[in-house]
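A short worksheet on the structure shown next.
The values are calculated or read from the model by the stated rules, or taken from the named source; none is laboratory data. Note that the structure is a prediction, hence the values are computed from the model and not measured. When we count neighbours, we look across all protein chains shown, and the Cβ atoms used for this are built from the backbone with ideal geometry, even at glycine.
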């Protein structure tokens, strides 16, 4: 059943798709509801770098005129695009004064794919500068406006959590999808590295950068993964929690876990056990202990290369931390960098084998609840999986003592994205109904 | 001494730099000579995708007005840019009808860096479609117009060999710098993967794509490597051939070497020995035997991802081979791809250690002389080094029985680009003076 007109914005993309098919909803009516929500909430949440209501409504009207048999799988679905991903009809500013007034107009490969499927590219979501620094944009956590939504995909996470749009694209080089998804209490999926083209996306580190998805339901993640042709070698089976084996992984970074994270991971393990699953704490070989350090060494020396041209021509417009990476990255020895890159590469098949023993492995998404202020949080539980190239999905459902959401990551081996979605399809609703935290937005 | 006015186009970039400093040459006079050369030769060689003489002359005039103390290290040096690298003031068409009339205007990071150093971005050089197929553009080998200049950086190699410009940029994913440099009898340098930013360059395969340089002297390669901040951990010493140790590496692909390549490699080994160097044939462990296959599996499955958006929206404008890669790449199992990527990654530190035992390793650049026609040649001696991320320099100097140039590659371990340039500085002139092949252009 359709929600009352004033609350259409609460629909997920999959629900919108059903209603559009049934014919009891138009794209225009839906996007007008989203625009009203944005009008009411954006002054507080500040999720957007660019939204043009006239462009959105005109596209919605065009989409409504497409005959049903010519409609794509994402027909009429509004998607927010992180402002480091190029779009031909909107500016792309990377939250940097260097790109103020930029006229670079092209569609990133992902944007082309989404438009072809009938999606409505809704606007550009706020990002930490160049998706490469720890200070966020002005965006606020919609659950508590004093707090960060996480970063660097800050606007994508906040806009989805606050019902501005059902789906948004983000990018992750350290923890920029999973962390903001967790802080904002939504689903966030980082697919296997390399599965989705980076063409037309601002480079941070080519060996780490991954495009991912924010949504409020697993069905919506699934829709996007299918559009992006994420495929497993073996068509995955549905998961039955009762016969599943879950690994609980605290990692060498566990000392950074705050009580909210410690309790949520414990509660999740108990909940799964109570459902009949086998749940076992696992530890990784000591080779994995330096993985966070290696990810950081790789990323920062890569930033020294990818931001060298900005450093040369517009140093006065770069934030201090990027200047530091260029200057320090150039002082790093290459042997440090090669050791980091080669060591990570050596561990990728090792972790694949370990992960293949479990239905999925559960691990923290963040150190705790979203901190107060503009620091987007420590990605220490995310860098492992970015470096190792595995798919990760953040599941919402648990919460901390401050009333904010705490996400948990499920992880599996590379190119088992569809399998991981099957796991999320069972665990997501379970955690959301039994985890104890619910969005009050 | 300055050549007579009508032959200024023969100067190398380093020579031009000296004359501009001395004040007996203007940028305008120099580029007018290049433009005359192009006017005479381009109808035969077809090296260019875009040249705008008015834009070039106006930039030359502006550069001539820059006061000496404000001039960059590349002041007034014309550089050709492969037409898969974006430029803000010229179209970038990737030799594809998909990008005909394209208005995407941005400067790739490398272009920004070159402009900042005072270079004159001269025009766009012809490329095989999307730098991703084996059929070249219309470009001809300037030494024999019935033959390919190699590819995919066809125009960059031909334009430098034919004295249209002193320096050009290319890209290599399999053998697209080293092979055309060898076929055209010029220097070609593929730096260590990751040393130069790929921002603003069309993606083929992020883990393989490398930007590199074509020039007619080692000094010119050096100038560019310095501008791009290629640095070794240890400042390299000059090389004395007499005390050097060279490895001769035929690789598991040696059966593809034609007599021209077999004889050139033998002649080079003898020449080095005659100069007092230690020269030793080396063989790699059998783990390396499948490296070419793994590179191909990685590249083609990556192309399936990077060209998926074109396949969806403009399949009728894609060449059959790219359609095939998208369709076949999607049928490849991910476990094949992961095995290829992980196996290559495992061998990178192994080859670094092996290469570190030698001043440099000499290996073929191509199977033989440039073939007749439009097929750009088999990259079977290049894929190793692209996959392994090591720097490679093609040295001209030898020739085959058909009178065409045969290049040889020198290789060293990752991030020893400056060391490799020191080796090229000694071996390049030696091979050019004693190798038996000279350009008659």
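Those residues that are farther than 24 Å from residue A:273 by Cα and out of contact with any helix residue (DSSP H, G or I) (no Cβ under 6 Å at 6 or more places or on another chain), I need them from the stretch A:353-372; list them, please.
A:371, A:372
Test each condition in (1) farther than 30 Å from residue A:323 by Cα; (2) within 14 Å of chain B (Cβ to nearest Cβ) for residue A:84 and report the one that comes out false.
Failing condition for residue A:84: (1).
For the stretch A:10-22, does any single residue satisfy the condition of being assigned by TED's automatic domain parsing to the domain that holds residue A:81 and on the phi > 0 side of the Ramachandran plot?
No, the stretch A:10-22 has no match at all.
Residue by residue through the stretch B:106-121, note down the ones that are under 16 Å from residue B:167 (Cα atoms) and more than 8 Å from chain A (Cβ to nearest Cβ).
Of everything in the stretch B:106-121, those that are under 16 Å from residue B:167 (Cα atoms) and more than 8 Å from chain A (Cβ to nearest Cβ) turn out to be B:111, B:114, B:115, B:117, B:118, B:119, B:120, B:121.
Can you confirm whether the stretch A:301-309 contains a residue that is closer than 30 Å to residue A:420 by Cα and at pLDDT 95 or above?
Checked against the condition, which is being closer than 30 Å to residue A:420 by Cα and at pLDDT 95 or above, the stretch A:301-309 yields at least one hit.
Can you name the number of the only condition in (1) surrounded by 24 or more Cβ atoms within 10 Å (Cβ to Cβ); (2) within 13 Å of another protein chain (Cβ to nearest Cβ); (3) more than 23 Å from residue A:200 (Cβ to Cβ) that residue B:201 fails?
Of everything listed in (1) surrounded by 24 or more Cβ atoms within 10 Å (Cβ to Cβ); (2) within 13 Å of another protein chain (Cβ to nearest Cβ); (3) more than 23 Å from residue A:200 (Cβ to Cβ), residue B:201 misses just condition (3).
Out of A:284, A:293, I need the residue that is outside the structural domain of residue A:183 (by TED's automatic domain parsing) and part of a helix (DSSP H, G or I). Which one?
Numbers: A:284 fails: part of a helix (DSSP H, G or I).
Of A:284, A:293, the one residue that is outside the structural domain of residue A:183 (by TED's automatic domain parsing) and part of a helix (DSSP H, G or I) is A:293.
Could you please tell me which pairs satisfy a Cβ distance under 6 Å, a separation of 6+ or placement on different chains, a first residue in the stretch A:225-242 that is within 10 Å of chain B (Cβ to nearest Cβ), and a second residue that is surrounded by fewer than 16 Cβ atoms within 10 Å (Cβ to Cβ)?
That search, which allows pairs on different chains as well, returns A:233/B:333; A:233/B:335.
Taking residue B:312 as the residue in question, decide whether it is over 27 Å from residue B:302 (Cβ atoms) and in contact with a helix residue (DSSP H, G or I) (Cβ under 7 Å, 6 or more places away or on another chain). Don't jump to the end; show me each part of the working.
Details: over 27 Å from residue B:302 (Cβ atoms): no; in contact with a helix residue (DSSP H, G or I) (Cβ under 7 Å, 6 or more places away or on another chain): yes.
Here the answer is no, as residue B:312 does not meet what is asked.
Testing residue B:145 on (1) crowded, with 24+ Cβ neighbours inside 10 Å; (2) at pLDDT 95 or above; (3) more than 11 Å from the chain's Cα centre (by Cα), one condition comes back false. Which one is that?
Result: residue B:145 passes all but (1).
Report, by residue number, each residue of the stretch B:1-11 that is touching a helix residue (DSSP H, G or I) at 6+ places or on another chain (Cβ under 6 Å) and buried (at least 19 other Cβ atoms within 10 Å of the Cβ).
The answer is B:8, B:9.
From A:314, A:269, which residue is at negative phi, assigned to a helix (DSSP H, G or I), surrounded by 18 or more Cβ atoms within 10 Å (Cβ to Cβ) and in the same structural domain as residue A:361 (by TED's automatic domain parsing)?
Details: A:314 fails: surrounded by 18 or more Cβ atoms within 10 Å (Cβ to Cβ).
Just one listed residue meets the conditions, A:269.
What residue, of A:159, A:131, A:174, A:108, is in contact with a helix residue (DSSP H, G or I) (Cβ under 6 Å, 6 or more places away or on another chain) and either crowded, with 24+ Cβ neighbours inside 10 Å or at pLDDT below 95 (or both)?
Only one candidate passes the filter, namely A:174.
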